[in-house]
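Colleague: A single structure is presented below for examination.
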Amino acid sequence: MRNIVILISGRGTNMQAIVDAASVEKWPARIAAIISNKAGAEGLAFATQKNIPTAVVANTDYATREAFDIALQQVIDSFQPDLVVLAGFMRILSNEFVHHYDARMLNIHPSLLPSFPGLATHRQALDAGVKVHGATVHFVTAELDHGPIVAQVVVPVLAGDTEASLAERVLAEEHIIYPRAVRWFIEGHLHLENNHVQVAAAAR
Ligand code: GAR
């Protein structure tokens with residue numbers, strides 16, 4: 001059994017999709033913990049309902065980013081993770097933290113990276129007038145919203161789309177690609193070679 005630790009900041013629907021897929025598809029993995037930097041994160045209630053251990057490490061309790069990241073790392077490591085999954089975890093991470101989880105930390109970002117890193121990605125897409133938009137699963141590196149790309153999904157941008165309608169269309173697809181990518185990792189089909197992602201043919 002491999003251990004997955006999932007980090008959230010809010011409602012945690014991607015986390016829920018991963019928890020559900022792990023259970024339904026009987027992954028050789030346990031969700032060891034759901035950790036939030038916000039005590040009020042909605043996703044924590046879902047985790048508790050599913051009897052998954054939860055923890056809160058509130059960034060507001062720490063004077064510096066580095067102090068917070070050290071505390072967070074200690075809590076994460078107490079669950080002995082093989083993989084750390086950022087699922088709507090809205091924090092910029094220090095280099096030391098990122099390096100500690102080198103090649104074993106994934107993130108999902110709601111755009112087709114390298115387009116539209118940062119916040120308000122759906123607004124950015126509408127403002128740019130792109131005809132397609134989407135989401136990206138990637139390994140986390142020190143550069144924000146960069147890192148080797150594992151999977152991407154494309155959705156159309158439709159006439160009359162608002163930020164909300166576009167976000168909803170993207171999110172539905174996130175819930176498909178993120179559990180799939182996590183499963184690839186857990187089953188040993190996902191590797192980094194020279195900073196490029198290799199997915200074994202058997203997994204696709
Ligand atoms: C998701 O759309 C995710 O891609 C995005 O936050 C949302 C979290 O939703 N993540 C980022 O913007 C990270 N840069 P969720 O809490 O319902 O999974």
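The values are calculated or read from the model by the stated rules, or taken from the named source; none is laboratory data. Everything quoted here is computed from the prediction, not taken from an experiment. Cβ placement follows ideal geometry from the backbone for every residue including glycine, while neighbour counts extend to all protein chains displayed. SASA here: full protein model, heavy atoms, side chains in, ligands and nucleic acids out. Shrake-Rupley method; radii C 1.70, N 1.55, O 1.52, S 1.80 Å.
Colleague: Collect the residues in region 50-102 that are open to solvent by less than 20 Å² (accessible area, probe 1.4 Å), part of a helix (DSSP H, G or I) and of a type outside the set (G, A, S), keeping them in residue-number order.
Modeller: F68, D69, L72, I76, F97, V98
Colleague: Restricting to region 8-32, give me the number of residues that are surrounded by 21 or more Cβ atoms within 10 Å (Cβ to Cβ) and touching a Ser or Thr at 6+ places or on another chain (Cβ under 7 Å).
Modeller: Matching residues across region 8-32 total 1.
Colleague: Next up: Which of the residues spanning region 113-133 are closer than 21 Å to L190 by Cα and out of contact with any Ser or Thr (no Cβ under 6 Å at 6 or more places or on another chain)? Let's see the steps before the verdict.
Modeller: The initial filter retains those residues of region 113-133 that are closer than 21 Å to L190 by Cα, namely 113-114.
Of everything in region 113-133, just one residue is closer than 21 Å to L190 by Cα and out of contact with any Ser or Thr (no Cβ under 6 Å at 6 or more places or on another chain), namely P114.
Colleague: Against the definition (open to solvent by less than 70 Å² (accessible area, probe 1.4 Å), among the small types (G, A, S), closer than 24 Å to H146 by Cα and within 11 Å of the ligand (Cβ to nearest atom)), how does S36 come out, yes or no?
Modeller: Yes: the conditions hold for S36.
Colleague: Here's something else I'd like to know. Any idea how many residues of region 1-33 are more than 14 Å from the ligand (Cβ to nearest atom) and either farther than 14 Å from L83 by Cβ or touching a Gly at 6+ places or on another chain (Cβ under 6 Å) (or both)?
Modeller: The total comes to 4.
Colleague: Please enumerate the residues belonging to region 18-40 that are assigned to a loop (DSSP other than H, G, I, E, B) and out of contact with any strand residue (DSSP E or B) (no Cβ under 7 Å at 6 or more places or on another chain).
Modeller: Result: E25, K26, W27, N37, K38, G40.
Colleague: Give the residues of region 130-139 that are over 12 Å from the mean Cα position of the chain (by Cα) and either open to solvent by less than 40 Å² (accessible area, probe 1.4 Å) or near the ligand (Cβ under 10 Å from one of its atoms) (or both), sorted by residue number.
Modeller: Looking only at region 130-139, we keep the residues that are over 12 Å from the mean Cα position of the chain (by Cα), and these are 130-134.
Scanning region 130-139 gives H133, G134.
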